[in-house]
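Visitor: Quick one: the structure is below, and I'll ask about it shortly.
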Amino acid sequence: MPADALFLSWATGINASGLFREALAEQMAYRDIERDRLVALLEEALRDDDRDLDDLIEQTSCFEDLENLLDTPSVNSVSHE
């Protein structure tokens, strides 16, 4: 928006990264997501050599999706005795 562009041209000292992190923290609190829990789940999910961040982005759309993804045993880890 032109008004936003004009304001940003005046306020060159704005820490956009800080504002972004603040907005993320507010949204996580609103959605009742604990950052430490999200970090732990993400690290667990990325330990799998067959999965990277892009895969997680494609396979999930919310916190519950990530939890469910990790609760589901992989086909490779199922024992056939």
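Visitor: Count, please, the residues in segment 1-51 that happen to be in a loop (DSSP other than H, G, I, E, B), within 15 Å of LEU69 (Cα to Cα) and at pLDDT 90 or above.
Guide: Summing the residues that are in a loop (DSSP other than H, G, I, E, B), within 15 Å of LEU69 (Cα to Cα) and at pLDDT 90 or above in segment 1-51 gives 1.
Visitor: Please determine whether any residue of segment 70-81 is modelled with pLDDT of 85 or more and either assigned to a loop (DSSP other than H, G, I, E, B) or surrounded by 10 or more Cβ atoms within 10 Å (Cβ to Cβ) (or both).
Guide: Within segment 70-81, one or more residues are modelled with pLDDT of 85 or more and either assigned to a loop (DSSP other than H, G, I, E, B) or surrounded by 10 or more Cβ atoms within 10 Å (Cβ to Cβ) (or both).
Visitor: A follow-up question, please. Considering every residue within segment 52-64, establish whether at least one is small (Gly, Ala, Ser) and either part of a helix (DSSP H, G or I) or touching a residue at least 60 places away in the same chain (Cβ under 8 Å) (or both).
Guide: No, segment 52-64 contains no residue that is small (Gly, Ala, Ser) and either part of a helix (DSSP H, G or I) or touching a residue at least 60 places away in the same chain (Cβ under 8 Å) (or both).
The values are calculated or read from the model by the stated rules, or taken from the named source; none is laboratory data. All figures in this text were calculated on a predicted structure; none of them were measured in a lab. Neighbour counts run over all protein chains shown; Cβ positions are idealised from the backbone, glycine included.
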